[in-house]
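The values are calculated or read from the model by the stated rules, or taken from the named source; none is laboratory data. Treat the numbers as computed from the prediction; the structure is a model and nothing was measured. Neighbour counts run over all protein chains shown; Cβ positions are idealised from the backbone, glycine included.
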Amino acid sequence: MRLRWIAGIVLTHVLAVGLAQGGQMPMPGSEIPIDFIGVKQVAQLLRDGARVALVDVRSRQDYLIRHIKGAESIPLDHIEARTSEIPRDGLVVLY
């Protein structure tokens, strides 16, 4: 329930932006595409044991109030300075 509540609210916003962008867009200065996936897909990947890194990009305060178990807190306004903390292999889900 917690995963559905948090991811539902945040990913709904991300999905809306993604759909407005055509569902996929290249990362600036990179060949790596950004795909937008739904909450059910993320939940299924986690259930299946897929290698998924969850990165909570909300404020640290929001993260401390409630977050998905196992998620790393890297607020969006710090993400550029902390890119070295984001795994380079496997799937990375920003929410």
#### Entry: Per-region count, the stretch 81-95, residues of a type outside the set (V, I, T) and within 19 Å of D35 (Cα to Cα)
7
### Task
Taking A50 as meeting all but one of (1) assigned to a loop (DSSP other than H, G, I, E, B); (2) of a type outside the set (S, T, N, Q); (3) at pLDDT below 85, write down the number of the exception.
(3)
### Message
Among the residues in the stretch 27-47, are any part of a helix (DSSP H, G or I) and at pLDDT below 90?
### Response
no
#### Entry: Only listed residue being over 15 Å from the mean Cα position of the chain (by Cα) and either of a type outside the set (F, W, Y) or more than 21 Å from P33 (Cα to Cα) (or both), chosen from L46, L54, L76, L64
L64
### Message
Going by what's in this entry, would Y63 be described as modelled with pLDDT of 90 or more, surrounded by 11 or more Cβ atoms within 10 Å (Cβ to Cβ) and in contact with a helix residue (DSSP H, G or I) (Cβ under 7 Å, 6 or more places away or on another chain)?
### Response
no
